[in-house]
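Written below as structure tokens is the structure these notes are about.
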Amino acid sequence: MTHTFNEKVYESVLEQIKAYIEDKRLKPGDKLPSERMLSELLQVGRSSIREALRALELLGLIETRRGEGTYMRAYRPYHMVGLLSKFLLNDTRTRSELLTAKQMLEKEILIISVSHLKSEQMYHAISLLPIGVIDEQKSEKHQQLFNYLFEKSDHPLLLSMWQFIIGFTYTIHEITYDNAWYRELESALLDQSREKINELFIYK
């Protein structure tokens, strides 16, 4: 699947969900259909629905309540979603800068982690490294790893920034690294080496 196709699918799903919200006149507190129902209604894959909902949640338009579903939040002009998503997805320079920002945040939290995590936390982080997992699970494990590092290092703002970037780059770029990179990261974490972490990002 090419990046262009991914962009078009992503934009189309966002537009369709926005149209659904407007057509049904959903208000703050109203519940949205499930991913499965939206997938059937809009005739698109659940993964595309999931990414579009994630973007809407990162923009503060909806919220997911564990065990309850997805709900509308306080009203904001929906056209801003389209403008923002199209700008981020269609501007080549912006996509490149988003990837650079992603890597800067990941590098920073890794450097913080080697100094602040307790031994048991470090070993748990290492257990989350997506080494040898199937491609479908690699992205999920990568996100679990960095979510854990940001949370345990008590940097909620950096976590929010990273999640925002991931939400918009996920559908057009591979957000993970190769197995060799993760093995080098494992060594850097075990050695608590800032130098090794810096080296991991030199050519990224």
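The values are calculated or read from the model by the stated rules, or taken from the named source; none is laboratory data. Owing to the predicted nature of the structure, the values given are computational and were not obtained by experimental measurement. Areas reflect the complete protein model, heavy atoms only, side chains present, ligands, DNA and RNA absent. Shrake-Rupley method; radii C 1.70, N 1.55, O 1.52, S 1.80 Å.
If I stretch the segment between S47 and V133 completely, what's the gain in nm (0.36 nm per residue apart, minus their alpha carbon distance), one decimal? Each step should come with its number before you reach the end.
Working: separation 86, 0.36 × 86 = 30.96 nm, distance 1.91 nm.
In short, 29.0 nm is gained.
For the range 114-204, with every protein chain kept in place, what is the accessible area per residue (1.4 Å probe, Å²)? Write down the numbers at each step before the final one.
Values: 5030 Å² over 91 residues.
Ligands and nucleic acids excluded, the figure is 55 Å² per residue.
Could you tell me what percent of the accessible area of the range 109-204 is made up of carbon and sulfur, with a 1.4 Å probe and every protein chain present?
Values: 2450 of 5090 Å².
Roughly 48 percent, rounded to a whole number.
Mind scanning K118/K196; K31/K141; K18/K107; K27/K152 and naming the pairs with a C-alpha gap bigger than 31 Å?
Values: K118/K196 19 Å; K31/K141 29 Å; K18/K107 35 Å; K27/K152 36 Å.
Too far apart for the 31 Å limit: K18/K107; K27/K152.
Across 10 Å bins from the origin, how do the percents of Cα pairs in the range 10-53 run, short distances first?
Using 10 Å bins, I get a P(r) of 30, 59, 11 for the range 10-53.
With θ taken as phi - 60° and the coefficients 6.51, -1.76 and 1.60, list the Karplus ³J(HN,Hα) couplings across the range 180-188 in order, rounded to whole Hz; mark glycine and proline as x.
In residue order, the calculated couplings are 4, 5, 5, 5, 5, 5, 4, 5, 5 Hz.
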